[in-house]
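First comes the structure, then the notes that go with it.
The values are calculated or read from the model by the stated rules, or taken from the named source; none is laboratory data. What you see is a predicted model, and the numbers here were worked out from it, not measured in a lab. Here the Cβ positions follow ideal geometry from the backbone for every residue, glycine too, while neighbour counts run over all protein chains shown.
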Amino acid sequence: MGENSPIGWTHHTFNPWWGCTKVDSGCATCYAEKMATRYKHDVWGKGKERRFFEDAHWGQLIKWQEKAAAAGEYHRVFIGSMCDIFDGEVSYHWRDKLWSLFDLTPNLIKLLVTKRPECIPGMYPLKWLKNPRNDVWFLFSVSDQQTANERLPIASTIPAIVKGISYEPGIGPVDWLNTEGFVDNVGKGNFQWMIVGGESVGSRPFEFAWALDTLETCQHLNMAFYMKQMGYDLAKSQGIARIDRKGETLKYLPENLRIRKYPA
């Protein structure tokens, strides 16, 4: 993963390091852990040394910035597909190295995806919490009602120009409107983007009904909805797993779920 990422909702993927520690049931079949294991990097779990990179690797962000600026465009960069930026096992040095590149890359929309919203205030620059950056979007990962209950009340308090929810892998339904933090005290949504998808690896089920309920909620709140994939289990039940393992090709999705929007 890197330039021209296969992940549909981003242009590029950048990993300042590899490795993480599982925090909930959504992590059970983590694709990133499987990839690290395939390459024989023992970087998962508490106390395990993460895989770090030399300066040449970090230079990718500058190259992508130059390309985006030359084209007069803004490109989205998913930062941390093989890690969680707010992983407490990683020294502040590596996050500071990452933050130092943000001012140099104004044409890159940095997408910070995390399952650790409670760590953000102590790890993210205070000046950017007080004055949120236009080029940083936070995405908070949830998989079911329990993880939504745990994360969204905290995530809703994090200052940001754009905040989204990555409901992927969805392994259970979520009653969004009755989840603390999803809307404010006057019923306005606290988040601007919703990414939805079933599990890529493993076989835990995902249901179209969960996606449709989520879509209806997003439409009610004028929240951008992005249907990424049905996941392997549904793709298998639909008879398309051999040609589209993750069930992410739009034509194989129900017509009313063929929606891939971004925050305005």
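Residues of the stretch 1-23 that are modelled with pLDDT of 95 or more and either among the charged types (D, E, K, R) or outside any loop (DSSP other than H, G, I, E, B) (or both): His12, Thr13, Phe14, Trp17, Trp18, Gly19, Cys20, Lys22.
Just to be sure before I move on: is Trp44 surrounded by 14 or more Cβ atoms within 10 Å (Cβ to Cβ), more than 18 Å from Leu112 (Cα to Cα) and under 21 Å from the mean Cα position of the chain (by Cα) in the structure I sent?
Numbers: surrounded by 14 or more Cβ atoms within 10 Å (Cβ to Cβ): yes; more than 18 Å from Leu112 (Cα to Cα): yes; under 21 Å from the mean Cα position of the chain (by Cα): yes.
Yes; evaluated as a whole, the condition is true for this residue.
Of the helices (runs of 4 or more DSSP H) that lie entirely inside the stretch 138-255, those containing 2 or more residues that are small (Gly, Ala, Ser) and under 16 Å from the mean Cα position of the chain (by Cα) span 145-155. For the stretch 182-195, residues that are crowded, with 19+ Cβ neighbours inside 10 Å and of a type in the set (Gly, Ala, Ser) total 1.
Give me the residue from the stretch 20-39 that is within 15 Å of Val201 (Cα to Cα), charged (D, E, K, R) and free of Cβ contacts under 8 Å to residues at least 24 places away in the same chain and, out of that set, surrounded by the fewest Cβ atoms within 10 Å (Cβ to Cβ).
Arg38
Just one of the listed residues (Gly59, Gly26, Gly47, Gly88) is farther than 27 Å from Leu126 by Cβ and in a loop (DSSP other than H, G, I, E, B), and it is Gly47.
Among the residues of the stretch 144-178, which ones are hydroxyl-bearing (Ser, Thr, Tyr) and buried (at least 20 other Cβ atoms within 10 Å of the Cβ)?
Thr147, Ser166, Tyr167
Filtering the stretch 196-251 to residues that are on the phi > 0 side of the Ramachandran plot and surrounded by fewer than 20 Cβ atoms within 10 Å (Cβ to Cβ) leaves Gly202, Asn222, Gly239. Of all the criteria given as (1) among the aromatic types (Phe, Trp, Tyr); (2) surrounded by fewer than 18 Cβ atoms within 10 Å (Cβ to Cβ); (3) closer than 25 Å to Gly198 by Cα, the one not satisfied by Phe138 is (2).
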